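Asker: Structure provided below as structure tokens; questions to follow.
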Amino acid sequence: DWMDRNFFRRLEVAFPIEEKSLRVRVVREALQAYLADNTQAWELQNDGSYRRCTPDGTEPRSAQGELLKELAGAP
């Protein structure tokens, strides 16, 4: 995330992924999980404040938890 606090303590790199199969993989394995996260994510409100996402009757989804399970080979 490109927040000011992160630019002074670490390096952020952005680059195009030109190979179509790799773009599909990045979207499938990373972006979709983070876009579906409803337990560790925050939403920007109209007034500029942030509200923590909650499952609201849907199945809790944690991007980090799902990626860790996938990388560990868990079902």
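The values are calculated or read from the model by the stated rules, or taken from the named source; none is laboratory data. Because the structure is predicted, anything quoted here is derived from the model rather than measured. Ideal geometry is used to build each Cβ from the backbone, glycine not excepted, and the neighbour counts take in all protein chains shown.
Asker: Name the pairs whose Cβ atoms lie under 8 Å apart, with the first residue in segment 29-45 and free of Cβ contacts under 8 Å to residues at least 60 places away in the same chain, the second of a type in the set (Val, Ile, Thr), and 6 or more positions between them or separate chains?
Answerer: Asn38/Thr54; Asn38/Thr58; Thr39/Thr54
Asker: While we're here: Being of a type in the set (A, V, I, L, M, F, W, C), more than 18 Å from Met3 (Cβ to Cβ) and loosely packed, with under 10 Cβ neighbours inside 10 Å is the filter here, so list the residues in segment 21-75 that pass it.
Answerer: Looking only at segment 21-75, we keep the residues that are of a type in the set (A, V, I, L, M, F, W, C), and these are 22, 24, 26-27, 30-31, 33, 35-36, 41-42, 44, 53, 63, 67-68, 71-72, 74.
Narrowing the set further to residues that are more than 18 Å from Met3 (Cβ to Cβ) leaves 22, 24, 26-27, 30-31, 33, 35-36, 67-68, 71-72, 74.
Hits for segment 21-75 are Leu71, Ala72, Ala74.
Asker: Tell me which residues, restricted to segment 22-51, are more than 14 Å from the chain's Cα centre (by Cα) and not in a loop (DSSP other than H, G, I, E, B).
Answerer: From segment 22-51, those more than 14 Å from the chain's Cα centre (by Cα) are 22-25, 44-51; that's our starting set.
Listed by number, the residues that qualify are Leu22, Arg23, Val24, Arg25, Leu44, Tyr50, Arg51.
Asker: Six or more apart or on different chains, Cβ under 7 Å: which pairs go from a residue in segment 1-28 that's within 21 Å of Glu70 (Cβ to Cβ) to one that's modelled with pLDDT of 75 or more and not in a helix (DSSP H, G or I)? Could you list them?
Answerer: What qualifies is Arg23/Ile17; Val26/Ile17.
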